[in-house]
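So the structure is just underneath, and the comments pick up after that.
The values are calculated or read from the model by the stated rules, or taken from the named source; none is laboratory data. Since we're looking at a predicted model, the values are computed, not measured. Here the Cβ is made from the backbone with ideal geometry for all residues, glycine too, and neighbour counts use every protein chain on show.
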């Protein structure tokens, strides 16, 4: 009896001996990882030291899921006449190429093969083609002089990229020296044509910040001969041309991974993505930027439906959530379908632990093309937004231009998040996400257009670096909520009965901006009238004749 299994997608074309259009790329699902030559007790054989250190730092267990696909199984598939493309250890399978139905029948007969799935309806061209549907809103505009808003004092001269960084208060982190140094970002994209020749990336190559490349599509050995999309994406993070363009993480290290075939759209690209994410994990990446999304395909039998956007169905979303489970921050563009019939976010932006990014314009208004939420199961998406309309990017001709698309808001967030994480390396990927969402412009009332809004990285950093007195002392001073809107509740174990406490609020310069006299009621003090205080970082001091306590808060 022929073995098949319905895996991930009810709409996937499953091999049945006769296909409507002859495919030549397939996914082979294995049954197990039995008799593997690898062991979880020797992870150094399949994970880099950085990847092992990440797991150790965050208490992430190394499991059988981390073991490579059994090489004997791959050899067995190859011996039947199929060309091996990309194994995926997280899904426990391999993609292959063959034009012979007999080869597929022979593979199905192998005892350790659970199923075979057709992944494309025709041979894909490896030549660079026209911009595909998923890039349809990512168009470019001529570079013109613009009036740059009045700047805060900055150590970096961002040129015309200033607004897309200032919107996030990113220059404040850069001024602290948090520019991505020591962080590793993996960029999964369609290609990086001209990146190795563009002035935007001179410093990346000169300083050894390009750690390596890998092509999961054509296996050509280079990623610089395909598609310009990844070049523009990378520039929003890694560009470093003072006075013209500086990205959000100019001193981070980068892996450039080609998983997307720019000439066609088939579900094999989702499997390529999972293999690429596994590679990023094994290499020790901290952050993945994926300016990619999948909804419909050139073969309609492979199309996703909105019902599939539930965080648990598509291969790429399953892989993206696994990547997050491994401790990486997975940042993904929400999509560019806000103006068309699809409307909603695509995969893997629907992932439960994927940081999905919408697009706003230079003034912070939602870009009409930005895909909306919710996910099919009702979760708010996107998570946050950044500038994706009129975004400064590198063009393929050695200069700069303006681009439009969530493909550019996503890496802006990815790079800036790497800088934030650099400053608080003990925090987990999910703690980084939560801090940014809690300090977004719509954090009080998140919605399915903006998500939690435009994040304030300075506020997020401040929150993440506050030492909670409650964890240190029984008589601690605790302040709620933090960030503050218009009212503060103070709780303290201090003995203040029948005493008047003097409460002062200081700004960062040490200037007293508010003073109160309060008598605690059962250990609690309420302070109102803060709605007129400007956004920023403040210190609250409670003092009486016996003691003094200070706590930091955000407005």
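Out of all the residues in region 268-277, is one or more assigned to a loop (DSSP other than H, G, I, E, B) and either closer than 18 Å to residue 349 by Cα or touching a residue at least 40 places away in the same chain (Cβ under 8 Å) (or both)?
Scanning region 268-277 turns up no residue that is assigned to a loop (DSSP other than H, G, I, E, B) and either closer than 18 Å to residue 349 by Cα or touching a residue at least 40 places away in the same chain (Cβ under 8 Å) (or both).
Quick test of your reading of the structure: residue 460 fulfils all but one of (1) in contact with a helix residue (DSSP H, G or I) (Cβ under 7 Å, 6 or more places away or on another chain); (2) surrounded by 24 or more Cβ atoms within 10 Å (Cβ to Cβ); (3) in contact (Cβ under 8 Å) with a residue 60 or more places away in the chain. Name the failing condition by number.
Here residue 460 meets the rest and fails (3).
Sort out for me the helices (runs of 4 or more DSSP H) sitting completely within region 166-243 that have 1 or more residues that are within 18 Å of the chain's Cα centre (by Cα).
Once the helices (runs of 4 or more DSSP H) in region 166-243 are filtered for at least 1 residues that are within 18 Å of the chain's Cα centre (by Cα), what remains is 170-175, 229-238.
Name the residue, out of 206, 186, 153, 249, that is surrounded by fewer than 24 Cβ atoms within 10 Å (Cβ to Cβ) and either modelled with pLDDT of 95 or more or closer than 30 Å to residue 87 by Cα (or both).
Answer to the selection: 206.
Since residue 158 meets every condition but one in (1) modelled with pLDDT of 95 or more; (2) within 29 Å of residue 348 (Cβ to Cβ); (3) surrounded by 17 or more Cβ atoms within 10 Å (Cβ to Cβ), which condition does it not meet?
The one condition residue 158 does not meet is (2).
Sort out which residues of region 416-432 are over 15 Å from the mean Cα position of the chain (by Cα) and assigned to a loop (DSSP other than H, G, I, E, B), and write them in order of number.
424, 425, 426, 427
Pull up region 353-370, narrow it to residues that are touching a helix residue (DSSP H, G or I) at 6+ places or on another chain (Cβ under 7 Å) and surrounded by 20 or more Cβ atoms within 10 Å (Cβ to Cβ), then point me to the one that is nearest to residue 324 (Cα to Cα).
Only one residue tops the list, namely 354.
Taking the condition touching a residue at least 60 places away in the same chain (Cβ under 8 Å), assigned to a loop (DSSP other than H, G, I, E, B) and under 16 Å from the mean Cα position of the chain (by Cα), does residue 311 pass?
yes
Out of all the residues in region 222-242, which are in contact with a strand residue (DSSP E or B) (Cβ under 7 Å, 6 or more places away or on another chain) and either modelled with pLDDT under 95 or not assigned by TED's automatic domain parsing to the domain that holds residue 402 (or both)?
Those that are in contact with a strand residue (DSSP E or B) (Cβ under 7 Å, 6 or more places away or on another chain) and either modelled with pLDDT under 95 or not assigned by TED's automatic domain parsing to the domain that holds residue 402 (or both): 222, 226.
From the list 51, 78, which one is surrounded by 15 or more Cβ atoms within 10 Å (Cβ to Cβ) and modelled with pLDDT of 95 or more? Step through it out loud before you land on a result.
Details: 78 fails: surrounded by 15 or more Cβ atoms within 10 Å (Cβ to Cβ).
Residue meeting the stated conditions: 51.
Taking the residues in region 433-456 that are in a helix (DSSP H, G or I) and over 11 Å from the mean Cα position of the chain (by Cα) as candidates, determine which candidate is surrounded by the most Cβ atoms within 10 Å (Cβ to Cβ).
Among those that are in a helix (DSSP H, G or I) and over 11 Å from the mean Cα position of the chain (by Cα), it is 436.
Mind telling me which of the residues 279, 266, 271, 254 ends up being over 30 Å from residue 53 (Cβ atoms) and either surrounded by fewer than 24 Cβ atoms within 10 Å (Cβ to Cβ) or at pLDDT 95 or above (or both)?
When all the criteria are applied, what remains is 266.
If we scan region 504-514, do we find a residue that is modelled with pLDDT of 70 or more, in contact with a strand residue (DSSP E or B) (Cβ under 9 Å, 6 or more places away or on another chain) and outside any strand (DSSP E or B)?
No, that holds for no residue.
Cβ-Cβ below 7 Å, separation at least six or inter-chain, first residue in region 352-376 and under 17 Å from residue 340 (Cα atoms), second assigned to a loop (DSSP other than H, G, I, E, B) and modelled with pLDDT under 95: which pairs?
Correct list of pairs: 369/137.
Hey, residue 117 hits all of (1) modelled with pLDDT under 55; (2) touching a strand residue (DSSP E or B) at 6+ places or on another chain (Cβ under 6 Å) but one; which does it fall short on?
It fails just one condition, (1).
Being under 14 Å from the mean Cα position of the chain (by Cα) and under 30 Å from residue 155 (Cα atoms) narrows it down to one residue among 252, 285, 320; which is it?
Every option except 285 fails the conditions.
Report yes if residue 175 is modelled with pLDDT under 95, out of contact with any helix residue (DSSP H, G or I) (no Cβ under 8 Å at 6 or more places or on another chain) and within 18 Å of residue 459 (Cβ to Cβ), otherwise no. Don't jump to the end; show me each part of the working.
Values: modelled with pLDDT under 95: yes; out of contact with any helix residue (DSSP H, G or I) (no Cβ under 8 Å at 6 or more places or on another chain): yes; within 18 Å of residue 459 (Cβ to Cβ): yes.
It is true that residue 175 is modelled with pLDDT under 95, out of contact with any helix residue (DSSP H, G or I) (no Cβ under 8 Å at 6 or more places or on another chain) and within 18 Å of residue 459 (Cβ to Cβ).
Out of 91, 85, I need the residue that is in a loop (DSSP other than H, G, I, E, B) and surrounded by 13 or more Cβ atoms within 10 Å (Cβ to Cβ). Which one? Talk me through it step by step, then tell me what you get.
Details: 85 fails: in a loop (DSSP other than H, G, I, E, B).
Answer to the selection: 91.
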